[in-house]
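In what follows, a single structure is set out as structure tokens and then discussed.
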Amino acid sequence: MWAGGPSGWAGGLAVGVIACAALPMAAPLVHGETLETARDQVRQAVVQSWGQLEAAKGNIEATHAQVQASEIALNGVREEARVGQRTTLDVLNAQQELVNARVSMVSAQRDRVVASYTLLAAVGRLSPQVLGLHVPAYSPVVHYQQVRDSWAGVRNPDGR
């Protein structure tokens, strides 16, 4: 490696260590802190994902109760409208409340699915095999063999 000295060679290892020490992102590599940092980041991601999953479960229960209450309210407003105590606008408003409650429940269910996949990713279990998907597994070696001699954007991995 070129080090700029009188002979131009300072030994590759010394220059590499100096270059790594000069980079702020490489400082943990030099000081041996990457394992602890990575462990803390994974732990934080798992705890956060678990919290999101639990919150989503609670939100589903709350929105389910909201849907039930809106259904009961709509039935009551319809009965009152039938006997002349409520207007058509009151019935429409109650129907809109029910629709909004159902939308909230579907949104909460979606949040639970996303939180469960986020938790699987955080613990390293988000894979086609764990999910039971029948798709071919990605192999970086096979992909490399497909694209190793191609220029970027010139052809597809299948050779076309």
* Order of HIS134, HIS143 from fewest to most other C-beta atoms within 10 Å? -> HIS134, HIS143
* To do: Could you run the Karplus curve 6.51 cos²θ - 1.76 cosθ + 1.60 with θ = phi - 60° over the range 51-64 and give me ³J(HN,Hα) per residue in whole Hz, x for Gly and Pro?
  => x, 5, 5, 5, 5, 5, 4, x, 5, 5, 4, 5, 6, 5
* Asked: What order, most packed first, do the peptides 50-60, 87-97 have when packing is the mean number of other Cβ atoms within 10 Å of each residue?
  -> 50-60, 87-97
* Asked: Whose amide H sits under 5 Å from the amide H of ARG86, counting only residues 5 or more places off or on another chain, with H placed in the peptide plane?
  -> ALA81
* Asked: Around VAL103, what is the net charge, scoring Lys/Arg as +1 and Asp/Glu as -1 over all other residues with Cβ under 12 Å from its Cβ?
  -> +1
* Asked: Using 1/(1 + (r/R0)^6) with R0 = 41 angstrom and r between the beta carbons of VAL123 and ALA73, what's the FRET efficiency to the nearest 0.05?
  -> 0.45
* List the chymotrypsin sites (Phe, Trp or Tyr not before Pro) in the range 73-160 that DSSP assigns to loop (not H, G, I, E or B) and whose Cβ has at most 15 other Cβ atoms within 10 Å. Which are they? -> TYR138, TRP151
* For labels at LEU131 and GLN145 in the simple 7 Å Cα→Cβ model, what's the distance in nm? -> 2.6 nm
* Along the three principal axes, how long is the range 34-131 when you take its alpha carbons, biggest first, rounded to the nearest angstrom? -> 72, 26, 16
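Just so you know, all these numbers are worked out from the coordinates, no wet-lab data involved. Computed from a predicted structure; not experimentally measured. We place every Cβ from the backbone using ideal geometry, glycine too, and count neighbours over all the protein chains shown.
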